[in-house]
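Engineer: Before I ask anything, let me first share the structure, which is written out below as structure tokens.
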There are 2 protein chains.
Amino acid sequence: TIYLVTPTYARSSQHVDLTRFCYTIRQVPKVHWIVVEDAEVHSPEVRRILNDCEVAFSHLVALTPPRENAQICRKVDSQPRGVKQRNTGLVELRRLLSLNGGRDGVVYFADDDNTYSLEIFERMRHIKAVGVWRVAFVGGLSYEGPVVDMGPNGPRISGWHVAWATDRKYPVDMAAFALNTRLITAQPDVYFPTHALDGHLETDFLSAVVPEGVELEPLGFELDRVLVWHTRTELPNLRQEGKLPPDRRPIII
Amino acid sequence: TIYLVTPTYARSSQHVDLTRFCYTIRQVPKVHWIVVEDAEVHSPEVRRILNDCEVAFSHLVALTPPRENAQICRKVDSQPRGVKQRNTGLVELRRLLSLNGGRDGVVYFADDDNTYSLEIFERMRHIKAVGVWRVAFVGGLSYEGPVVDMGPNGPRISGWHVAWATDRKYPVDMAAFALNTRLITAQPDVYFPTHALDGHLETDFLSAVVPEGVELEPLGFELDRVLVWHTRTELPNLRQEGKLPPDRRPIII
Ligand SMILES: O=c1ccn([C@@H]2O[C@H](COP(=O)(O)OP(=O)(O)O)[C@@H](O)[C@H]2O)c(=O)[nH]1
Ligand SMILES: O=c1ccn([C@@H]2O[C@H](COP(=O)(O)OP(=O)(O)O)[C@@H](O)[C@H]2O)c(=O)[nH]1
Ligand SMILES: [Mn+2]
Ligand SMILES: [Mn+2]
């Protein structure tokens, strides 16, 4: 099973982003979609999208707490976006794994607005510990990703194609890695840090979760194209809204 | 068959937009995707996306000619985006229809960056002449669309939920309508106008193509939600590009 942990929050493009996401993953066999709303209560429309998607899912809520005095110090972000939700997703993941008798799976922290090729899901099924790959439109680059050399024992990551905060141990975006679920069950106390240096959430999490001596497994490196895009949906222009008389009945967008 | 006419042009999000589009329509039975690149030559990566999509397709090119002295007069746009491509698509559509012995179908002018629910395709199959429906994020509104009343002979369009250029005869976006292909074969000279008032391309085309006395058929009006979203993919920040040494080999994004 591929477990997808997806934080989501209310905004004009929420339903359309979740719909497109569903349209991709419903074509992937053996998926369990853990959706965690940044909200106090479950949204009926989000629930409808999940119900209609025809994949196994968990529908949870976890509200991001108010920031502690904006920021603790310059560059340290308390509760970066999606953290509380991903951690709630990890609790749910551990619950699901304890039910299925510890069979192997993979967990991927898949934001609701990115674009995923079907190929990346097939490839991530075979991750032994931690897989990483290129992601387009991250860090001011057309793509970020591992630089891979062929060594005597197969492919090896020799560096990183990255231009920003290059001193990070794991200079990757959230969409760039997935983990074998054994790492999650074997380390029941691992969560995302609620305080991280700006852009250091992923490297801090991976530093905690990747066991000593484990080498990252590069995926899709032999291709001449990317398999995941860090897309964002443009904010729609709603300038005329309010100029019209109110609707007879509200229409869900 | 649902014939989809899709103009597309080279930009950073072209491949990801086409990939998402493909992921939707490959779940729709009996589709023929007519893709017309705004380019001089066929792009190999666009071809790969089409080949891998597992839908019937035509892959054509038609370059938008240079604008005639920018604009002929204020507010008249010569060759608005996608026009040359849609007209090339109409030529291909008439060719395909002449081959299949005139069986009924539907044609939809589906831009590559919008988002389409699977439901809209099922509904448009049954269009007798011209179907119309709501589209989100158009004309400065959260949605534009027909206002529908139940008359003695069924649903009837009594007005339009629209705030901009309300004097248009058919105040709709390109994504808001589809046509029975009989209208296309019966009127072999109908094309999109290469000169139209800003935002009047759809109404000018429909004024030419909708026969006298034919009433538009509203679809999805009984729902409390939209089935098509006029989305746009955010321009990625590529500020760090060029700061890195050139790639060993180029990566397609
Ligand atoms: O207040 C917020 C902002 C974002 N998110 C979710 O967290 C993830 C990352 O947010 P976003 O996509 O906005 O970040 P970016 O595109 O800048 O990486 C997405 O799944 C969002 O839906 C959230 O739950 N609460
Ligand atoms: O120079 C261009 C600009 C756009 N398009 C295509 O024409 C359609 C409409 O363009 P766009 O989506 O940019 O328009 P908007 O989102 O503003 O309606 C899309 O399928 C584009 O790929 C094109 O072929 N050439
Ligand atoms: Mn995002
Ligand atoms: Mn568009």
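The values are calculated or read from the model by the stated rules, or taken from the named source; none is laboratory data. All figures in this text were calculated on a predicted structure; none of them were measured in a lab. When we count neighbours, we look across all protein chains shown, and the Cβ atoms used for this are built from the backbone with ideal geometry, even at glycine. Each accessible area value is taken on the protein alone, full model and side chains, heavy atoms only, with ligands, DNA and RNA left out. Shrake-Rupley method; radii C 1.70, N 1.55, O 1.52, S 1.80 Å.
Engineer: As an exercise, take the mean of 1/r over every pair of distinct alpha carbons in the stretch B:116-217, invert it, and state the Kirkwood radius in angstroms.
Structural biologist: With all distinct Cα pairs of the stretch B:116-217 included, I get 14.5 Å.
Engineer: Counting only protein heavy atoms and a 1.4 Å probe, tell me what percentage of chain A's accessible area is made up of carbon and sulfur.
Structural biologist: Here it works out to 53 percent.
Engineer: Rg and Dmax of the stretch B:167-215, Cα atoms, in Å?
Structural biologist: When restricted to the Cα atoms of the stretch B:167-215, Rg and Dmax are 10.8, 29 Å.
Engineer: Sticking with this structure for a sec: Taking the Cα centre of the protein assembly as shown as the origin, how large is its charge dipole in debye, to the nearest 20, when only Lys and Arg (+1) and Asp and Glu (-1) carry charge on their Cβ atoms?
Structural biologist: Numbers: 58 positive and 64 negative charges, 51 e Å.
Here the protein assembly as shown has a charge dipole of around 240 debye.
Engineer: Moving to a separate point now. Please report, in whole Å, how far the alpha carbons of chain A spread along each principal axis, starting with the longest.
Structural biologist: Rounded to whole Å, the extents work out to 70, 44, 38 Å.
Engineer: Let me ask something additional. Could you tell me the accessible area of A:Leu197 in Å² (1.4 Å probe, neighbours in place), rounded to the nearest ten?
Structural biologist: Near enough 80 Å² of accessible area.
Engineer: What shape does the protein assembly as shown take by its C-alpha gyration tensor, where a ≥ b ≥ c are the square roots of the eigenvalues and a/c under 1.5 counts as rounded, a/b above b/c as prolate, and the rest as oblate? Show your work: numbers first, answer last.
Structural biologist: Details: a/c = 1.96, a/b = 1.63, b/c = 1.20.
Because a/c hits 1.5 or more and a/b exceeds b/c, the protein assembly as shown counts as prolate.
Engineer: Order these peptides, A:29-36, A:240-247, by their mean beta-carbon neighbour count within 10 angstrom, highest first.
Structural biologist: A:29-36, A:240-247
Engineer: Probe of 1.4 angstrom, ligands and nucleic acids ignored: what's the accessible area per residue over the protein assembly as shown, in square angstrom? Before the final figure, lay out each step's value.
Structural biologist: Details: 22800 Å² over 506 residues.
Dividing the accessible area of the protein assembly as shown by its residue count gives 45 Å².
Engineer: List the residues, sorted by chain then number, that are 5 or more residues from B:His32 or on another chain and whose placed amide H is less than 5 Å from its amide H.
Structural biologist: B:Ile2, B:Tyr3, B:Leu4
Engineer: Let me ask something else about it. Below 25 Å, Cα to Cα, which lysines can B:Lys169 reach? Residues fewer than 8 away in the same chain don't count.
Structural biologist: Reachable lysines: A:Lys243, B:Lys75, B:Lys84, B:Lys128.
Engineer: Still on this structure, I have one more. Can you divide the C-alpha Rg of the stretch B:54-183 by 2.2 N^0.38 Å and report the result to two decimal places?
Structural biologist: Its radius of gyration relative to the 2.2 N^0.38 Å reference: 1.22.
Engineer: Select from B:Asp149, B:Asp167, B:Asp52 the residue whose mean-square fluctuation is largest in a Gaussian network model of chain B (Cα-Cα springs shorter than 10 Å).
Structural biologist: Fluctuation is largest for B:Asp167.
Engineer: How crowded by other chains is A:23-29, given as the mean number of beta carbons from other chains within 10 Å of each beta carbon? Let's see the in-between values first.
Structural biologist: Numbers: counts 10, 4, 1, 3, 3, 0, 0.
Across A:23-29, the average partner-chain Cβ count within 10 Å equals 3.
Engineer: How many percent of Cα pairs in the stretch A:7-51 exceed 12 Å?
Structural biologist: 63 percent
Engineer: Still on this structure: Calculate, in whole percent, how much of the Cα-Cα pair population of the stretch B:164-253 lies beyond 22 Å. Write out the running numbers ahead of the final one.
Structural biologist: Working: 2104 of 4005 pairs.
Taking all Cα-Cα pairs of the stretch B:164-253, the fraction more than 22 Å apart is 53 percent.
Engineer: On to the next question. Any chance you could look up the accessible area of B:Val226 with a 1.4 Å probe, heavy atoms only, rounded to 10 Å²?
Structural biologist: Surface accessible to solvent at B:Val226 totals approximately 0 Å².
Engineer: Dividing the Cα radius of gyration by the Kirkwood radius, what Rg/Rh value follows for the stretch B:1-124?
Structural biologist: Checking Rg against Rh, the ratio lands at 0.99.
Engineer: If you take every DSSP beta bridge whose two residues both sit in chain A, what share of them, in percent to the nearest 5, is antiparallel?
Structural biologist: 50 percent
Engineer: Okay, moving on. Have a look at the DSSP beta bridges in the protein assembly as shown and tell me what percent are antiparallel, nearest 5.
Structural biologist: So the antiparallel bridges amount to about 50 percent of the total.
Engineer: From largest to smallest, what semi-axes in whole angstrom does the stretch A:202-253 give when each is the square root of 5 times an eigenvalue of its alpha carbon gyration tensor?
Structural biologist: Each semi-axis is the square root of five times an eigenvalue, giving 47, 18, 10 Å.
Engineer: Relative contact order of chain A, please, whole-number percent, based on alpha carbon pairs below 8 angstrom and at least 6 residues apart.
Structural biologist: 23 percent
Engineer: Show B:Arg134, B:Arg239 ordered by accessible area, largest first, where the area counts protein heavy atoms only and the probe is 1.4 Å.
Structural biologist: Final ranking, largest accessible area leading: B:Arg239, B:Arg134.
Engineer: If you count, for every residue in A:218-229, the Cβ atoms of partner chains within 10 Å of its Cβ, what is the mean?
Structural biologist: 3
Engineer: Only loop residues by DSSP count here, and only those with at most 10 other Cβ atoms within 10 Å; note down the trypsin sites (Lys or Arg not before Pro) in the stretch A:76-123 that meet that. Before the final figure, lay out the partial values.
Structural biologist: Details: sites: A:Arg81, A:Lys84, A:Arg86, A:Arg94, A:Arg95, A:Arg103, A:Arg123; in loops: A:Arg81, A:Arg103.
Passing both the DSSP loop test and the Cβ count: A:Arg103.
Engineer: Averaged across the residues of A:234-242, what count of C-beta atoms belonging to other chains lies within 10 Å of each residue's C-beta?
Structural biologist: Details: counts 7, 3, 11, 6, 5, 5, 9, 5, 2.
Mean partner shielding for this stretch: 6.
Engineer: Tabulate in residue order the Karplus-calculated ³J(HN,Hα) for the stretch A:148-159, using 6.51 cos²θ - 1.76 cosθ + 1.60 with θ = phi - 60°, rounded to whole Hz; enter x for Gly and Pro.
Structural biologist: Result, rounded to whole Hz: 10, 10, 8, x, x, 9, x, x, 9, 7, 9, x.
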